[in-house]
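Take a look at the structure below.
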Amino acid sequence: MSRGVSTGIAATFALLGLGVNAALAHHSLAPYDRSVSKSVEGVVKDYTFANPHVRLTIAVPNADGSMTDWEFESTTVSRMMSRGFNRVSARTGDTITVRYNPRRSGGPGGLFTGFTDSRGRIYGPIYDR
């Protein structure tokens, strides 16, 4: 095998290795403080029940009457379904109380672990400690 071909093969494997590390880092829970559990109430703006992560956005009122969008993510659809969630668990316009692990950065949102819908139904917990 020529030196150019073996260098090309080595470079290809190195790039593939970087891709694997990036994929693993993407699925890490490191951005969230899993030792802290909080809750917040707001109005559902979006609930996307799709892989790779279920996403939830709620509008939360501030002290001055303005609203801030809080963005949450969770786990896969199959894991959520095994915990009782479905694609209509949260509906746009519903007021819900979200249980979550906050972002380490302090931003509004985090890893949601469950919620109580406007009808009083409790969904979750998703993650067992």
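The values are calculated or read from the model by the stated rules, or taken from the named source; none is laboratory data. The structure displayed is predicted, hence computed values, not measured ones. Here the Cβ positions follow ideal geometry from the backbone for every residue, glycine too, while neighbour counts run over all protein chains shown.
Here is how the numbers come out for the structure above:
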read-out: Selected residue [buried (at least 16 other Cβ atoms within 10 Å of the Cβ), modelled with pLDDT under 95 and under 23 Å from Asp33 (Cβ atoms)] from Gly124, Gly109; value: Gly124
read-out: Subset tally (residues that are of a type outside the set (Ser, Thr, Tyr) and exposed (fewer than 14 other Cβ atoms within 10 Å of the Cβ)) for the stretch 95-106; value: 2
read-out: Matching residues, the stretch 93-112, being over 19 Å from Met67 (Cβ atoms) and free of Cβ contacts under 8 Å to residues at least 60 places away in the same chain; value: none
read-out: Residues of the stretch 36-66 satisfying the condition of being farther than 24 Å from Arg87 by Cα and free of Cβ contacts under 8 Å to residues at least 24 places away in the same chain; value: Pro61, Asn62, Ala63, Asp64, Gly65, Ser66
read-out: Meets criteria (touching a residue at least 60 places away in the same chain (Cβ under 8 Å), of a type outside the set (S, T, N, Q) and exposed (fewer than 15 other Cβ atoms within 10 Å of the Cβ)) for Arg87; value: no
read-out: Which listed residue is under 12 Å from Val44 (Cα atoms) and among the basic types (Lys, Arg), from Arg91, Arg83; value: Arg91
read-out: Sole residue being of a type in the set (Ser, Thr, Tyr) and exposed (fewer than 14 other Cβ atoms within 10 Å of the Cβ), chosen from Thr57, Thr92, Thr75; value: Thr92
read-out: Looking only at the stretch 19-54, and only at residues there that are touching a strand residue (DSSP E or B) at 6+ places or on another chain (Cβ under 8 Å), hydrophobic (A, V, I, L, M, F, W, C) and modelled with pLDDT of 95 or more, the one that is surrounded by the most Cβ atoms within 10 Å (Cβ to Cβ); value: Val54
